[in-house]
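Here the structure comes first, spelled out in structure tokens, and everything after it is commentary.
What follows is calculated from the coordinates using simple rules that are stated; it is not laboratory data. As the structure is a computational prediction, the values presented were derived from the model and not from experiment. Positions of Cβ are generated from backbone atoms using ideal geometry, with glycine treated the same way; all protein chains shown enter the neighbour counts.
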Amino acid sequence: MNKKLVCVALTATMAATLLSACGSSAKSSSNGKVLNISAWNEEFKSRLEDHYPGYEVVDGTTGKIGDVTVNWLITPNEENAYQNRLDELLLAQEKAKADEKVDLFLVEADYAVKYTDTDYTLSIKDLGITDDDLKDQYTYTQDVVTDSKGVIKGTSWQGCPGVMIYNRDIAAEVFGTEDPDAVQAYFSDWDKFTESAGTLKDAGYHVISSCADTFRVYQNNASLPWVDGNKIQIDDNLIKWVEDSKALYEAGYCDTFGQWTEDWNKGFYPDGKVFAYFGPAWLIDFCMAADVEGSVANAGRWGAIEGPQGFYWGGTWICAAAGTDNADLVADIMKKMTCDPEIMKEIVLQDNDFVNNRPVMEALAADTSYSNAVLGGQNALAMFCAGADNIDMANLTAYDQGLLGDFQTAMGEYINGNYATIDEALAAFYTAAETRYPDLTH
């Protein structure tokens with residue numbers, strides 16, 4: 001069977017192993033005329049268009065930087081399509097024509113290791129990005145893209161600490177206040193969260209849209225990585241999420257909608273009667289229908305509190321592909337978009353993104369003139385800064401994306417009553433996980 005087809009067909013981690021084994025002897029150079037950027041959505045595209053000096057928009061999939069054409073290769077994430085396409089491109093990299101070589105590609109934390117621990121990504125220090133350039137970044141953002149040899153293989157413009165995002169109008173009605181400090185007192189730990197969920201139910205509201213909303217909070221506060229060696233591990237905090245979620249659902253405090261579904265989104269509007277969501281800055285400003293008249297966000301009626309526990313969710317990292325024929329331009333993009341404090345500040349002020357620069361974020365957190373319209377004029381940046389400093393990526397593994405998805409699917413069936421016990425759901429999880437990753441056991 002063709003080696004390329006084998007690599008693409010394998011699971012995420014096994015594909016990574018073969019990618020590393022295949023190796024890449026392609027040399028990087030800096031005289032290319034086409035810059036190919038592979039991504040799963042247009043978030044980084046919009047950042048580059050709006051903030052990289054000299055970028056010119058040509059059309060929806062093309063731009064120009066000087067005499068270099070920028071070609072955007074956008075493949076949605078659904079059904080692993082983005083990673084499958086990226087694997088194909090990287091496996092063809094050495095023999096690809098100069099104008100078809102991948103130069104930059106984007107990854108998420110859940111599968112970054114798959115690419116950073118191979119020869120298909122370049123060390124950012126080999127590109128000329130120094131420790132001094134990186135000194136103001138949040139440490140965890142570097143940990144995500146550091147390979148097994150301690151080499152940093154990517155960089156990010158954003159940080160993604162999370163908060164509890166609550167509906168101010170519901171808070172005022174049910175708790176008699178919309179003030180963040182006062183509302184936090186009702187949700188400062190999980191016992192108070194559950195007690196307040198009961199109060200909200202009595203008033204006709206769900207505390208959250210779905211028990212899926214709290215998964216990242218529990219999972220980020222787990223002590224064990226998903227895998228030790230080749231053995232799958234289930235942290236006690238994940239079981240606690242299952243038990244707590246089952247109790248919340250059966251008490252009528254929330255539903256079990258899948259995130260990003262139409263039913264889950266209903267709480268973005270007043271008639272949805274959902275008190276809170278959990279998420280980072282990107283959820284607040286890019287996903288909660290802020291541009292839609294009639295939404296809670298459009299009216300500026302969300303607020304932010306820390307909630308029961310700190311957590312993080314998501315993020316996008318920029319990796320340089322080995323064999324790029326635009327190494328100098330790639331390095332300049334990575335350096336300017338993730339290390340330049342003026343560009344970092346500009347992104348915050350124009351896009352409300354939380355950027356990967358501690359001094360910039362701390363200065364804006366203390367700036368009384370800064371406010372977030374979606375959050376009713378609240379400046380929640382101090383909360384985000386504290387969260388970013390506490391993020392620990394020590395438990396990151398190459399299997400995370402698949403395992404956390406399979407776990408939520410199996411446990412969702414239990415929470416919905418389709419399995420009689422957690423043990424039955426665990427058996428289904430292990431079957432799905434070991435089918436996805438045949439090298440794992442439990």
Practice task
Could you point to the residue in 417, 382, 102 farthest towards the positive end of the chain's charge dipole, with +1 and -1 charges on the Cβ of Lys/Arg and Asp/Glu respectively?
Solution key: 102
Practice task
Report the full-extension gain for the segment residue 362 to residue 289: residue separation times 0.36 nm, less the Cα-Cα distance, to one decimal in nm.
Solution key: 23.5 nm
Problem - Rounded D (µm²/s) - the stretch 91-142, Kirkwood Rh over Cα pairs, Stokes-Einstein at 4 °C, 1.567 mPa s - result: 98
Handout entry: Unit charges on C-beta of K, R, D, E only; dipole of the chain, Debye
Key = 1000
Handout entry: Centre separation in Å (Cα based) which lies between the stretch 153-223 and the stretch 272-289
Key = 11
Exercise for the section: Anything over 31 Å Cα to Cα? Flag those among 114/336; 135/192; 95/335, in the order listed. Expected result: 135/192
Exercise for the section: Indicate, rounded to the nearest 5 percent, the antiparallel portion of the DSSP beta bridges found entirely in the chain. Expected result: 70
Problem - On Cα atoms only, tilt of 81-91 relative to the major axis of the chain in degrees - result: 20
Problem - Angle between the chain longest axis and helix 12-22 axis [Cα atoms, degrees, rounded to 10] - result: 10
Completion exercise
Gyration tensor on Cα atoms of the stretch 16-137, a ≥ b ≥ c root eigenvalues, a/c under 1.5 rounded, else prolate if a/b beats b/c, else oblate, says rounded
Practice task
State the three equivalent ellipsoid semi-axes of the stretch 284-333, derived from the C-alpha gyration tensor as the square roots of 5 times its eigenvalues, in descending order and whole Å.
Solution key: 37, 18, 8
Completion exercise
In degrees rounded to 10, the 0-90 angle between helix 327-339 Cα long axis and the longest Cα principal axis of the chain is 20
Handout entry: the stretch 285-442: Cα Rg divided by the 2.2 N^0.38 Å rule of thumb
Key = 1.39
Exercise for the section: Let me see the pair-distance distribution of the stretch 146-198: every alpha carbon pair, 10 Å bin width, integer percents in order. Expected result: 19, 36, 13, 15, 15, 2
Completion exercise
Largest first and rounded to whole Å, the semi-axes √(5λ) derived from the alpha carbon gyration tensor of the stretch 158-302 read 27, 18, 14
Completion exercise
Expressed as a whole-number percentage, the relative contact order of the stretch 296-442 with C-alpha contacts under 8 angstrom and at least six residues apart is 21
Completion exercise
Rounded to two decimals, the Debye log10 I(q)/I(0) of the stretch 68-196 (Cα scatterers, no solvent) at q = 0.14 Å⁻¹ is -0.79
Fill in the blank from the handout: Per-residue ellipticity at 222 nm attributable to helices in the chain (runs of n ≥ 4 DSSP H, -39500 (n - 2.57) apiece, nearest 500 deg cm²/dmol) works out to -11500 deg cm²/dmol
Exercise for the section: Given the peptides 321-331, 348-358, 411-421, arrange them by the average over their residues of other C-beta atoms within 10 Å, most packed first. Expected result: 321-331, 348-358, 411-421
Practice task
Determine ³J(HN,Hα), in whole Hz, for all residues of the stretch 221-231 in sequence, where each value follows from phi through the Karplus function 6.51 cos²θ - 1.76 cosθ + 1.60 and θ = phi - 60°; x replaces Gly and Pro.
Solution key: 9, 6, 8, 9, x, 4, 9, 10, x, 10, 9
Practice task
Quick one: order 338, 199 by neighbouring beta-carbon count within 10 Å, fewest to most.
Solution key: 199, 338
